[in-house]
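Chemist: Below: one structure in structure tokens.
The values are calculated or read from the model by the stated rules, or taken from the named source; none is laboratory data. What you see is a predicted model; the values in this text were computed from it and never measured. Neighbour counts are summed over all protein chains in view; Cβ atoms, including those assigned to glycine, are modelled from backbone coordinates with ideal geometry. Surface areas here come from the heavy atoms of the whole protein model, side chains and all, with no ligands, DNA or RNA. Shrake-Rupley method; radii C 1.70, N 1.55, O 1.52, S 1.80 Å.
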Amino acid sequence: LLLRWRRRRRLWKKVKEARRRQERGLVQMETAVHRFREQHPSVSMVSILSLPLPELSKKLRDGSLPPEHVFYAYVGKALQIAIETNCITEYLQESETQVRKAKLTEKLGLLYGVPVSIKDSIDCEGHDSTLGFIKNVNKPAAEDSVVVQVLRRQGAIPFVKTNVPQSLISYDCKNLIFGQTFNPLLYTRSPGGSSGGEGALVGGGGSILGFGTDVGGSLRFPAAFCGICALKPTGNRLRYREPPAMNVLFWSLPVVAAVGPMAKDVESLALCMRALLCEDMFDLDSTVPPLPLNEEVYASTQPLRIGYYETDFFTMPSPAMRRAIRETKQMLEDAGHTLVPFELTNVDYMMFNFCVRGMFADGGASFLKKFKGELEKSSMGVFFWLAKSPGWLKTLLSWIAKPFHLLMPFIGFVSIFSTVDEVWSLHHEIEEFCYQFIAQWKKLNLDVMLCPMLGPALSIGYPGKLSVAVSYTMLYNVLDFPVGVVPVTVVTDEDEEELKGYKGYFQDWWDRTLAKAFRGSAGLPVAVQCVALPWQEELCLRLMKEVEAL
């Protein structure tokens, strides 16, 4: 008991240190902005913050807008949003030096002088990548991740790191170190996750360009919940060097993770991809295929053949989600595009066998290892109990659970792949699933796909209870397709009224809980997903641009 008390005391001491550093960073931001305003009282911060990224970048590059003015405008706004939503974990004070040195730069990159925010889990030299784990506090990264190095070479200025949920395996945004992050549109709502700090900061206007990661919707949930755009590229189109803490999070990872941008509009995402898909990216990481952004595809005005579906028959869409797809489909048809129905099958099998069993193929042993000695176990208490249970009990629970849909999500947790052959078989099944999906796509001669995105933003605390609701996003991590999110409408009073009859497909506890999580959302944004085949980010962005314009 004494040893346990001492260990907990040491952990709480590290938490307090991290929080003091967070508070110190906010004070440094306030001091820097105050000093700048005293020295430059005539600078209009509001006019700078109102500029879209392409226009801001142009003004920075042609010299009509000094980098310092832009930098301190965003530091000031980021400070305001951080106080309101608790989205920033660390201020990168060296960014002030980078701004001063920017004037001396001879070769101006596409993102010259643009302040950018970075998710906690993406390494920045000299700063922690905690993933919400106390054990990772005071373990600064030795070097920048590849994507941060390329950003710096393109002239961008990383200035803050943002909050994440513990372990990143959640679409909420809370950990014991920095606490809960709130949605800037409505503080009682989750900002989404795991890139929730980025979603809140960009959605609130405190960052013009943010970077997160996506292993099951971690870019798309925050974008949809906070009313902004995001792009999850094909897994290897962009690269970031995962922090050591991430390397042993899963024993087997058939679900492909990706790093991508978040911004207020689609053109900003395209500019970002244009900047990142450069020689620097290809030189720094030889595993990234040397494919610059195909401007011809992105700029094309040829009508598209677009597949669409309103539901995956696993998670029943909210009335606003269904309306978002129907209205967008009609607008695209009116604009001259061809819309073709696409039917999904076996989404439940994909969720439980590919995602849950695949990610925890060793019974969750590697995952549990990361939580050893931590004070908080996230919202996965039942899973931890199951994972620690003896083999005979897991087998019994697995057998008992099969007839009951309510318990199905736990089947993957309690069933362990005991042989290498079974793991290889799983990967083969995933390959076959991908081939069949692409074959159906090709048979319909599709260019791109339009599909639902879970929304509106759920109330705080509900994402942890509703892990099964990631079916709309997780599918495209399994397939490793590029997919973007664009907000298209807001929840209406009519949607709220229709929600009263929401039953779900299985009418179980999860469906009833999801209905509660959706309630009281009038005025909140609802988005759609735009999907393309692997390595066709340009087509994905093209559809996103069409949807946004309409």
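Chemist: By DSSP, what percent of the beta bridges with both residues in the chain are antiparallel, rounded to the nearest 5? Mind dumping the intermediate values first?
Modeler: Values: 29 of 44 bridges.
Counting only bridges with both partners in the chain, antiparallel ones make up about 65 percent.
Chemist: Excluding Pro292 itself, what net charge comes from residues whose Cβ is under 12 Å from its Cβ, given Lys and Arg +1 and Asp and Glu -1?
Modeler: Details: positive: Arg237, Arg274; negative: Glu279, Asp280, Glu295, Glu296, Glu537, Glu538.
Residues near Pro292 contribute -4 overall.
Chemist: Can I ask one more? What's log10 of I(q)/I(0) for the chain at q = 0.10, 0.11, 0.13 Å⁻¹, Debye sum over Cα points only, no solvent?
Modeler: Cα-only, vacuum Debye calculation for the chain: -0.80, -0.97, -1.38.
Chemist: Mean residue ellipticity at 222 nm from the helices of the chain, using -39,500 (n - 2.57) per DSSP H segment of n ≥ 4 over the full residue count, to the nearest 500 deg cm²/dmol?
Modeler: Details: 22 runs with 239 residues, N = 550.
Estimated from H runs of four or more residues: -13000 deg cm²/dmol.
Chemist: What spacing in nm lies between the two simple spin-label points modelled at Ser389 and Gln507, each 7 Å away from Cα in the Cβ direction?
Modeler: 2.8 nm
Chemist: Next up: Which helices count as membrane-span-like in the chain under these terms: full DSSP H, at least 24 Å along the axis by C-alpha, Kyte-Doolittle mean of -1.0 or more?
Modeler: Membrane-span-like by this rule: 67-85, 420-443.
Chemist: Averaging sequence separations of C-alpha pairs under 8 Å and six or more residues apart, then dividing by the length of the chain, give the relative contact order as a whole percent.
Modeler: Working: 1164 pairs, mean separation 85.6, N = 550.
In percent, rounded to a whole number, it is 16.
Chemist: Among the aspartates and glutamates, which have Cα under 16 Å from the Cα of Lys329 when same-chain residues fewer than 8 positions away are ignored?
Modeler: Reachable aspartates and glutamates: Glu310, Glu343, Asp447, Glu546, Glu548.
Chemist: Here is a further query. Put +1 on the Cβ of every Lys and Arg and -1 on every Asp and Glu Cβ in the chain; which of Gly358, Val75, Val526 then has its Cα farthest towards the positive end of the dipole?
Modeler: Val75
Chemist: Same structure again: For the chain, what is the accessible area per residue in Å², given a 1.4 Å probe and the full set of protein chains?
Modeler: Accessible surface, normalised per residue, equals 40 Å².
Chemist: Loop only by DSSP, 16 or fewer other Cβ within 10 Å of the Cβ. Give me the GluC sites (Glu not before Pro) in region 99-190 that pass, ordered by residue number. All intermediate terms of the calculation are to be shown ahead of the outcome.
Modeler: Details: sites: Glu106, Glu125, Glu143; in loops: Glu106, Glu143.
Those satisfying the criteria are Glu106, Glu143.
Chemist: Can you list which of the GluC sites (Glu not before Pro) found in region 307-358 are DSSP loop residues with at most 15 other C-beta atoms within 10 Å?
Modeler: Details: sites: Glu310, Glu327, Glu333, Glu343; in loops: Glu310, Glu343.
Passing sites in region 307-358 are Glu343.
Chemist: Let me ask something else about it. Report, ordered by chain and residue number, the aspartates and glutamates lying within cross-link reach of Lys101, taken as a straight Cα distance under 19 Å and ignoring same-chain residues fewer than 8 apart.
Modeler: Asp62, Glu68, Glu125, Asp144
Chemist: Return the whole-Å distance between the Cα centroid of region 49-73 and the Cα centroid of region 508-549.
Modeler: Region 49-73 and region 508-549 have Cα centres separated by 30 Å.
Chemist: Oh, and also: List the lysines whose Cα lies under 21 Å from the Cα of Lys14, skipping any in the same chain that are fewer than 8 positions away.
Modeler: Qualifying lysines at Cα under 21 Å: Lys119, Lys135, Lys139, Lys161, Lys174, Lys369, Lys370, Lys372, Lys377.
Chemist: When the convex hull of the Cα atoms of region 16-291 is projected onto a plane and the area is averaged over all directions, what value comes out in nm²? It would help to have the intermediate numbers written out before the result.
Modeler: Details: hull surface 53.6 nm².
Value for region 16-291: 13.4 nm².
Chemist: Measure off 7 Å from each Cα along the Cα-to-Cβ vector at Lys107 and Leu550, then give the distance between these two points in nanometres to one decimal.
Modeler: 4.2 nm
Chemist: Expressed in nm to one decimal, what extension gain is obtained for the pair Leu368 and Arg326 from 0.36 nm per residue of sequence separation less their Cα-Cα distance? Walk me through the numbers on the way to the answer.
Modeler: Values: separation 42, 0.36 × 42 = 15.12 nm, distance 4.25 nm.
Extra length from Leu368 to Arg326 when fully extended: 10.9 nm.
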